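Here the structure comes first, spelled out in structure tokens, and everything after it is commentary.
The values are calculated or read from the model by the stated rules, or taken from the named source; none is laboratory data. Everything numeric here is computed off the predicted structure, so don't read it as measured data. We place every Cβ from the backbone using ideal geometry, glycine too, and count neighbours over all the protein chains shown.
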Amino acid sequence: MSDSGRDPFSQLLYPMLSSQPAAGDDLVLELARAPLEKSAESNRLRVEMLEEFGDEIVTTAEEMAVAFDRGGRLLALGNGGSATSAADMVTELLVPPPGGRPIPALCLTNDIAVVTGIGNDIGFGDVFLRQIIALGRPDDVVLAVSASGNSENLVRGLGEARRRGMSTIAICGYDGGRLAREPVADHCFIVRSSSVHRIQEVQMTLYHLLSELVQRAFGGEPACV
């Protein structure tokens with residue numbers, strides 16, 4: 001059957017069965033250039049972040065190592081894609097590269113029954129606060145990942161952790177939002193971009209760097225970036 005005689009509904013569901021216009025050279029070049037430009041932007045943001053926060057990153061990793069050596073754990077928080085980032089860092093600590101020291105860590109989004117129970121019965125703004133009240137201990141480190149820095153549940157969770165004497169860390173984008181403005185984070189690292197994609201790429205670099213520096217602190221290697 002020719003394309004002209006094909007059912008329009010079938011064409012919508014199965015466009016690959018119809019002939020398609022060939023992509024022009026300009027479009028191909030643009031598609032090839034786009035990932036290079038995005039990668040360059042992420043690398044620029046990484047350099048800027050290290051220039052602004054390099055010393056504080058090292059200090060934070062050393063403080064984390066001290067807390068973990070005392071029996072503390074990492075409690076990681078995040079929403080949406082940032083929850084995935086929080087879970088990734090938890091995995092890095094629990095299952096380090098060969099020769100690394102496994103570190104107790106929990107991602108407070110992992111138990112869907114707890115998250116939905118608190119969200120339904122009390123309110124989504126307290127899904128992390130209530131878990132920190134129940135699970136948190138003085139030597140624990142609470143780390144929140146957020147693109148905007150404005151998530152109410154992260155602000156409340158970090159605030160409660162700080163009131164209870166835990167170390168608190170925020171990793172944010174944009175201008176840091178409420179996590180940067182309000183007194184809830186001992187250390188707040190900001191990827192100064194308005195692109196969520198670029199923010200998350202650089203945040204990944206940051207928390208992997210923190211994990212590596214923590215392991216170096218345990219291994220006696222000098223922590224530097």
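Within region 36-93, the residues that satisfy the criterion of being under 25 Å from Ser193 (Cβ atoms) and among the acidic types (Asp, Glu) are Glu37, Glu41, Glu48, Glu51, Glu52, Asp55, Glu56, Asp88, Glu92.
For region 85-126, the candidate set comprises residues that are in contact with a Pro (Cβ under 8 Å, 6 or more places away or on another chain) and of a type outside the set (A, V, I, L, M, F, W, C); within that set, the residue that is surrounded by the most Cβ atoms within 10 Å (Cβ to Cβ) is Pro96. Look through region 30-62, keep the residues that are of a type in the set (A, V, I, L, M, F, W, C) and loosely packed, with under 15 Cβ neighbours inside 10 Å, and return whichever of them is nearest to the chain's Cα centre (by Cα). Ranking the qualifying residues of region 30-62, first place goes to Val47. Among the residues of region 163-182, those that are over 19 Å from Ile133 (Cβ atoms) and assigned to a helix (DSSP H, G or I) comprise Gly177, Arg178, Leu179, Ala180, Arg181.
Considering region 121-142, and only residues there that are in a helix (DSSP H, G or I), in contact (Cβ under 8 Å) with a residue 24 or more places away in the chain and not β-branched (Val, Ile, Thr), the residue that is farthest from Ala83 (Cα to Cα) turns out to be Leu135. If you check Asp126, Asp121, Asp140 for being over 16 Å from His208 (Cα atoms), in contact with a Gly (Cβ under 7 Å, 6 or more places away or on another chain) and modelled with pLDDT of 95 or more, only one passes: Asp140. Within region 67-92, the set of residues being closer than 21 Å to Glu160 by Cα, part of a helix (DSSP H, G or I) and of a type in the set (A, V, I, L, M, F, W, C) comprises Ala67, Phe68, Ala83, Ala86, Ala87, Val90. Does Glu160 satisfy the condition of being within 19 Å of Phe68 (Cβ to Cβ), touching a helix residue (DSSP H, G or I) at 6+ places or on another chain (Cβ under 6 Å), part of a helix (DSSP H, G or I) and among the acidic types (Asp, Glu)? So Glu160 does not fit the description; no. Of all residues in region 199-222, exactly one satisfies the criterion of being under 26 Å from Ala34 (Cβ atoms), crowded, with 19+ Cβ neighbours inside 10 Å and touching a Lys or Arg at 6+ places or on another chain (Cβ under 7 Å), namely Val202. Within region 163-182, restricting attention to residues that are in contact with a helix residue (DSSP H, G or I) (Cβ under 8 Å, 6 or more places away or on another chain) and over 20 Å from Met64 (Cα atoms), the residue that is surrounded by the fewest Cβ atoms within 10 Å (Cβ to Cβ) is Glu182.
Go through Ile199, Ile169 for me and flag whichever is of a type outside the set (Phe, Trp, Tyr), closer than 18 Å to Gly54 by Cα and touching a His at 6+ places or on another chain (Cβ under 8 Å).
Values: Ile199 fails: touching a His at 6+ places or on another chain (Cβ under 8 Å).
Only one candidate qualifies: Ile169.
So if I check each of Ala185, Ala147, which one is buried (at least 24 other Cβ atoms within 10 Å of the Cβ), touching a residue at least 60 places away in the same chain (Cβ under 8 Å) and assigned to a loop (DSSP other than H, G, I, E, B)? So the residue among Ala185, Ala147 that is buried (at least 24 other Cβ atoms within 10 Å of the Cβ), touching a residue at least 60 places away in the same chain (Cβ under 8 Å) and assigned to a loop (DSSP other than H, G, I, E, B) is Ala147.
Comparison of Gln131, Gln215 shows that the only residue that is in contact with a helix residue (DSSP H, G or I) (Cβ under 8 Å, 6 or more places away or on another chain) and polar (S, T, N, Q) is Gln131.
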